Each structure stands twice: as C-alpha cells, then as structure tokens.
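The values are calculated or read from the model by the stated rules, or taken from the named source; none is laboratory data. Computed from a prediction, not measured in an experiment: that's the story for all the values here. Backbone-built Cβ (ideal geometry, glycine too); neighbour counts: all protein chains shown.
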Amino acid sequence: MRSRPIRLSVLVLTGCVALSLLLPGDAVAQRTVRWKMASAFTSGLDVVGESGPIFADNLKRMSGGTLDVKFFEPGALVPAFEVFNAVSKGSIESGWTTPGFHVGQIPAAPWFTTVPFGPQAGEFLAWLEDVERNYERYAGFLERGVSRELARIALPVNVYTEWYWKIDLHNLLHFLSLRLDEHAQQEIRDYAKAMFALVQPIVPIAAEAFVDYQLESMRLTRLEIEAVRSGQPLATENKREIAEWEQKRQKLGL
C-alpha cells in the first residue's frame, strides 16, 4: 500500500494553479496548459518520489483538466541534480526536487526545505544562534590554554576545517573522474574542479592525458554499441538508459 505523500517543494506550480482557478469558467474550458515536470526522485521512491505523480494528478483534477503536468523520471529530461537549473533557464516548465540539493548555487536554499532534508526557517535561526554560542565557547577555551584539538569538540561540522591529505596520483584521478562527472552533485563538482586546478600545474602531461582519455571521453555499453552498428533505437525500455543514450548521441552528432 502506498504511503500517504508528504508535500515537498515543487517549483513555481502553485501560481499557475491559482491563476487557472481565477479565470472565468468559459475561458478556462477553452485553454489547457501542459507542462513537463522533471523529477530529482524516481517515482518508486517512498514518499518523496511517489508524491510527484500524485501531485501532478491532483493538479489536473483540481484545475478541471486545464493544468496538465506530466511527471518525468530522473534523467528522462535532465539529470536529477540539474532540475533547478533547467527550470530557471526555461528549458522545462517545472521540477520536482528539494531546495537542499541546490545549496551550492543558492546558499539560502536549505531555508526553504523541510524534513527529511532539513529544518524549517525558524529552526535554522535557532540552530545558527547555537552555533555562534559554541564558537564563543571554543574561543574561550583557547584563551584558557586548551589545545585546539580538544577545544573544537564543541564545534559543529559546518565550521570550516583545515587538514592535510595524502593521496597518490592514480587514486586522485579516479576520485576526480567520479566527482567531475555531470551527474555528480554540484557542491562536490566545484570542490573537484578546485582540486584539479591545483594538480594540473604539477603534473601537466598526466592532467592532459586525464582530460583526453578519461574526463572528456565516452564509454559505451554493449546495447549502445549495438545501436551504433545497427542504426536502430536502443534495445531497452529502461528510461534512464534511453535518456543517457540520447545525450551521448547528441555529443557524437548521431
């Protein structure tokens, strides 16, 4: 049995619903608004995912069919973590996501999210006040001669930390290949870009080879190779595989 959905953040849909409800009856009957809604969650995911299609169905029913929003699985239109960008640029009309995914672009985004992805605005304010008080305690410990390693026990994880990290080039490039991928979350991609920028001047030949043969290369699956050879559509019904193949075809100019 499907769990009762918790209404999560949906970009710019409410305004359109209100507008459609305010239009005169005859005018509404003559016009149907059709939107595509890209999702960051699969429809099979409990609560956060299954709420998307239900929300779209409710909008259609509430508007008498004049607002028809079609739900798309992650990757069918855009990658999951690119939903916000696609809506803001006008590539798609709406998205089903959470603001917490986009804190790298909008630092205040978590203020508009809620359980299970974060507290609401009032709770955030109270938490930030506690953080400031904890930092004052930390500074007080230092003044009393307590070592930083012991004094920082009162600090939360959101405080910037400095550390030294040792890694060989092989594993570093493997890490970067994962975190520079367009499917990775924006925050870790920014971090990986900064790391690669530090490494490039040190190992320029290896860095160039990494870009040529790994970062900007393309890996094809068996089904994709067969599709290239035959010129036929990808032999699968998996929506994510089909969407990724379409992206590869565009890059290859097929």
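Total residues in the stretch 216-245 satisfying the condition of being surrounded by 13 or more Cβ atoms within 10 Å (Cβ to Cβ) and not in a loop (DSSP other than H, G, I, E, B): the figure is 12. Counting only residues that are within 23 Å of THR98 (Cα to Cα), among the small types (Gly, Ala, Ser) and loosely packed, with under 15 Cβ neighbours inside 10 Å, how many does the stretch 183-197 have? The total comes to 0. Selection of first residues in the stretch 200-219 that are of a type in the set (D, E, K, R) and of second residues that are part of a loop (DSSP other than H, G, I, E, B) and surrounded by 10 or more Cβ atoms within 10 Å (Cβ to Cβ), restricted to Cβ pairs under 9 Å at least 6 apart or on distinct chains, gives the following pairs, ordered by first then second residue: GLU208/GLN200.
Suppose the filter is within 30 Å of GLY44 (Cα to Cα), in contact (Cβ under 8 Å) with a residue 60 or more places away in the chain and out of contact with any Leu (no Cβ under 6 Å at 6 or more places or on another chain); does LYS239 pass it?
Values: within 30 Å of GLY44 (Cα to Cα): yes; in contact (Cβ under 8 Å) with a residue 60 or more places away in the chain: yes; out of contact with any Leu (no Cβ under 6 Å at 6 or more places or on another chain): yes.
Answer is yes for this residue.
Please verify whether ALA139 is in the same structural domain as ALA209 (by TED's automatic domain parsing) and of a type in the set (Gly, Ala, Ser), treating the condition exactly as stated. Answer is no for this residue.
The one condition from (1) touching a residue at least 12 places away in the same chain (Cβ under 8 Å); (2) in a helix (DSSP H, G or I); (3) farther than 30 Å from GLY100 by Cα that ARG249 does not meet is (1). If the condition is being modelled with pLDDT under 75 and either part of a helix (DSSP H, G or I) or surrounded by fewer than 11 Cβ atoms within 10 Å (Cβ to Cβ) (or both), then the stretch 112-142 contributes PHE112, VAL115, ALA121, GLY122, GLU123, PHE124. Considering the stretch 64-100 alone, what residues qualify as being at pLDDT 80 or above and part of a helix (DSSP H, G or I)? Across the stretch 64-100, the qualifying residues are ALA80, PHE81, GLU82, VAL83, PHE84, ASN85, ALA86, VAL87, SER88, LYS89. Of all residues in the stretch 141-158, those that are under 16 Å from ASP130 (Cβ atoms) and among the charged types (D, E, K, R) have Cβ atoms under 7 Å from Cβ atoms of residues that are at pLDDT 85 or above and surrounded by 10 or more Cβ atoms within 10 Å (Cβ to Cβ), 6 or more apart or on another chain, in ARG152/TYR138.
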